[in-house]
1. Quick one: count up the residues across the stretch 165-182 that are part of a helix (DSSP H, G or I), open to solvent by 10 Å² or more (accessible area, probe 1.4 Å) and closer than 18 Å to Gln136 by Cα.
2. Among residues belonging to the stretch 231-242 that are in contact (Cβ under 8 Å) with a residue 40 or more places away in the chain and closer than 17 Å to Val177 by Cα, point out the one that is surrounded by the most Cβ atoms within 10 Å (Cβ to Cβ).
3. Search the stretch 107-158 for residues being open to solvent by less than 100 Å² (accessible area, probe 1.4 Å) and charged (D, E, K, R), and hand back the single one that is farthest from the chain's Cα centre (by Cα).
4. Hand me the list of helices (runs of 4 or more DSSP H) wholly inside the stretch 188-276 holding 1 or more residues that are among the polar types (S, T, N, Q) and modelled with pLDDT of 95 or more.
5. Under 18 Å from Pro287 (Cα atoms), open to solvent by 10 Å² or more (accessible area, probe 1.4 Å) and of a type in the set (Val, Ile, Thr), is that true of Thr228?
6. So which residues in the stretch 183-202 are open to solvent by 20 Å² or more (accessible area, probe 1.4 Å) and within 28 Å of the chain's Cα centre (by Cα)?
7. Tell me the residue from Gly94, Gly143 that is on the phi > 0 side of the Ramachandran plot and either of a type in the set (Val, Ile, Thr) or at pLDDT below 90 (or both), please.
8. Taking the stretch 243-267 on its own, how many of its residues are within 11 Å of Asn218 (Cα to Cα) and open to solvent by 10 Å² or more (accessible area, probe 1.4 Å)?
Amino acid sequence: FLPWEGYTLVGTTDVKTKPDLHHEVPEDEVQYLINECEKYLSSRLQVRRRDVMSAWYGIRPLAVDPNADSVTSASRDHVVSHHPTNGITFLSGGKWTTWREMAEDCLDQVIERSDDLKKKATPCVTLKTPLVGAGQTRDFPDGYHENLAVEITQRFDLAFDVAQHLARTYGTRASDVLRMVDSTTVTGSRSGLYKHYPRLYEGKAATTGYPYLEAEINYAIDHEFAVTPADILARRTRLAFLNSTAARLTVPRVVEIMGDKLGWDKTRRRQELERAEAVLAKDFVGPVPNKQGAALRQACAADVQAIFNKIDKDGRGLLDEQGIAQAATNLGFPLEKMELKQAVRDME
């Protein structure tokens, strides 16, 4: 369990798979993780399938150095390898959270192999080099600090959740994002305590919105090379990872803003809309499961218990063949006649 962006990440399964840029999320694995949660949470907390706001499938490379003297096993860490014939050094494996360490390791090894580079190179400065958004700017001459979100709130009259998101995501470049806002779209908030900047997804209630601003779309196009709606919803903001349903509902508006910015005609807008919906449908699942090809035995424990209690109206603690068939249907796994009989035999 990991807290992240106001939600809880639960994972992960570990199975071999083939590399694929867009990988469908196996429903059985979603249900497996939910059932595993039951082992670690209070018995009063029942994790239901509809509590899963978004699920996705990531592929992590296991790197092997083909030029090593002995190749024993794949590594979950990164691998730096030097080709003995052509002299090329390559880097593989690793993960996004260790990219600076990977770069340092690779360059250190390149320099170590070259006497000429050793004479020119200085010690690595990656640990002293500020990340983008950490340095001083005209708007934030003190650079990044722990109270930056408060400063953004006060200076731009923003809701604190938005200011906190901007500070964490853009740092001292938050003001550059806010300059992308069309001032005619800024209104008063529901509470009247601050200005309301248009958000990507507002939600029907005050508690269901997300801090991502529409202005971030134009900023991502101008400064972060975003070219598709999926870039915005999954890789510039994290809406698809937090709430896949909200992300799908937001696609038309994202296409509209990107289309106006990039000059898309009606045909291009329709194509981008269809592509984005297809990517989100394949890469993410939400509260409604896709149980095609899933197994009944992997149904969520909380859902099974709730349906069992609903069908077992007289409280006998037993289900007959008809009850089992009804339970399977309610769970989204309707059984054929032979499958039902086999299920009854297995239970017996």
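1. 6
2. Leu233
3. Asp116
4. Passing ranges, in order: 215-223, 244-262.
5. Here the answer is no, as Thr228 does not meet what is asked.
6. His196, Tyr197, Pro198, Arg199, Tyr201, Glu202
7. Sole residue among the options that is on the phi > 0 side of the Ramachandran plot and either of a type in the set (Val, Ile, Thr) or at pLDDT below 90 (or both): Gly94.
8. Qualifying residue count, the stretch 243-267: 4.
The values are calculated or read from the model by the stated rules, or taken from the named source; none is laboratory data. Remember, predicted model here, so these are calculated numbers, not experimental data. Note that each Cβ is placed from the backbone with ideal geometry, even for glycine, and that neighbours are counted across all protein chains shown. What goes into the accessible areas is simple: the full protein's heavy atoms, side chains included, and nothing from ligands, DNA or RNA. Shrake-Rupley method; radii C 1.70, N 1.55, O 1.52, S 1.80 Å.
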